[in-house]
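Student: Structure below; questions to follow.
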Amino acid sequence: MVSARKGRGGGGGGVVRSRPRIDGGGSGGGSLVSRVAVLAFCVAGICSAYITQGVLQETLSTKRFGPEARRFDHLAFLNFAQNVVCFVWSFIMIKLWSGGSSPAGRAPLSKYWGVSITNTIGPTMGIEALKYISYPAQVLAKSSKMIPVMLMGTLLYGVKYTLPEYFCTFLVAGGVSSFALLKTSSKTIKKLANPNAPLGYALCFLNLAFDGYTNSTQDLIKSRFPKTNPWDIMLGMNLWGTIYNTVIMFAAPLLFSSWPYANGFEAVKFCQENPEVAWDILMFCLCGAVGQNFIFLTISRFGSLTNTTITTTRKFMSIVISSVISGNPLSFEQWGSVVMVFSGLSFQIYLKWKRKKGREHKE
């Protein structure tokens, strides 16, 4: 449920900076120490925020609440709550950091209404998938974003990829496929609301497809309105997301008595009867908003490649924590599939780093 596009580039603004000195003399040593400290701060922030959010997401999708041991079946409500919190959060950030700046050159809010449709549908599918597959399976499936990107690039645009890039895709696709085909432990299956692996994986891949369109459209908006910052995008996306989810979850149930989709009134009632759920939802949303702060800081200071490395590591840590702490035991074969996926992702990061260094040498 990422609220804004993670961005591209190293945030250097085209200025060539000299390498920090490592001899400990002068201000160079201090600069290196400060950069390491900021990087450590970013790593700690991203990992703590999103790992905590993952634990809360898994808790809300599997735990039984109250004396009647009822499930919180309104997982789509999490997307609505995230929209509201991130809208308020981005509004505050804009007022704090760019309150006096001119809106000229920044995308108007009306530009986000179309792309916010896919940004509303996609994350909802990803959350709903937790009714049918385990959290580690969802993380793995959503880590295979390169597969639909390369597939669409090859079929629609005739893009040619290198052999190492195909090898990365093979590792990721093979790891996700083998994980899906391997038998899930009975303990994990019992925690799911409606175990259905094909449906769960289908929802995750549809989530990826919608995210791909969302991300590319956000890039287009940014290129047309270059003064648009991440908070502007976050504000616009979540404003329209809040409107759409309000219509779907609150207006539609009033108009249609047999409304088949998520009912916001029932979700609110469940939270009133089980305050623990309301607290978990609030913390889930705040973790997402705070995590965005650290992502923006990482990209602006160290570039998108560093951010990708941190988030990939975080996903692996989330699977480990889910397996060890949250009671989703994985077999030896399943751990092999996990390693296969993250080997492919790590190799992809290495290829991007190598290309980046090649471009720097040419310049």
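Student: Of all residues in the stretch 66-105, which are buried (at least 21 other Cβ atoms within 10 Å of the Cβ) and not in a helix (DSSP H, G or I)?
Tutor: Result: Phe72, His74, Leu75.
Student: Suppose we keep only residues that are surrounded by fewer than 22 Cβ atoms within 10 Å (Cβ to Cβ) and of a type in the set (Val, Ile, Thr) within the stretch 311-337. Which one would you say is nearest to Trp97 (Cα to Cα)?
Tutor: So the residue we want is Thr311.
Student: Among all residue pairs at least 6 apart or on different chains, which show Cβ distances below 8 Å where the first residue, located in the stretch 59-71, is touching a residue at least 60 places away in the same chain (Cβ under 8 Å) and the second is of a type outside the set (Asp, Glu) and loosely packed, with under 13 Cβ neighbours inside 10 Å?
Tutor: So the pair list comes out as Arg70/Arg64; Arg71/Arg64.
Student: Among the residues of the stretch 59-99, which ones are aliphatic (A, V, I, L, M) and within 24 Å of the chain's Cα centre (by Cα)?
Tutor: The answer is Leu60, Leu75, Ala76, Leu78, Ala81, Val84, Val85, Val88, Ile92, Met93, Ile94.
Student: Condition (residue is open to solvent by less than 30 Å² (accessible area, probe 1.4 Å), assigned to a helix (DSSP H, G or I) and either out of contact with any Cys (no Cβ under 9 Å at 6 or more places or on another chain) or at pLDDT 90 or above (or both)) applied to the stretch 222-230: is it met by at least one residue?
Tutor: Scanning the stretch 222-230 turns up no residue that is open to solvent by less than 30 Å² (accessible area, probe 1.4 Å), assigned to a helix (DSSP H, G or I) and either out of contact with any Cys (no Cβ under 9 Å at 6 or more places or on another chain) or at pLDDT 90 or above (or both).
Student: Being exposed (fewer than 12 other Cβ atoms within 10 Å of the Cβ) and either outside any helix (DSSP H, G or I) or modelled with pLDDT under 85 (or both) is the filter here; which residues of the stretch 160-184 pass it?
Tutor: Correct list: Lys160, Thr162, Leu181, Lys183.
Student: If you go through the stretch 231-255 one residue at a time, how many are open to solvent by 50 Å² or more (accessible area, probe 1.4 Å) and under 15 Å from Lys111 (Cβ atoms)?
Tutor: Matching residues across the stretch 231-255 total 2.
Student: Among the residues of the stretch 254-302, write down those that are over 30 Å from Leu39 (Cα atoms) and either of a type in the set (Val, Ile, Thr) or in contact with a Leu (Cβ under 7 Å, 6 or more places away or on another chain) (or both).
Tutor: Listed by number, the residues that qualify are Val268, Val277.
Student: Which pairs do you get when a residue that is at pLDDT 85 or above and surrounded by 22 or more Cβ atoms within 10 Å (Cβ to Cβ), found in the stretch 133-149, comes within reach of a residue that is among the charged types (D, E, K, R) and not in a loop (DSSP other than H, G, I, E, B), reach meaning Cβ atoms under 6 angstrom, with the pair 6+ apart or on two chains?
Tutor: Tyr135/Glu58; Ser143/Lys315
The values are calculated or read from the model by the stated rules, or taken from the named source; none is laboratory data. Note that this is a predicted model, so its numbers are computed, not measured. Neighbour counts are summed over all protein chains in view; Cβ atoms, including those assigned to glycine, are modelled from backbone coordinates with ideal geometry. SASA here: full protein model, heavy atoms, side chains in, ligands and nucleic acids out. Shrake-Rupley method; radii C 1.70, N 1.55, O 1.52, S 1.80 Å.
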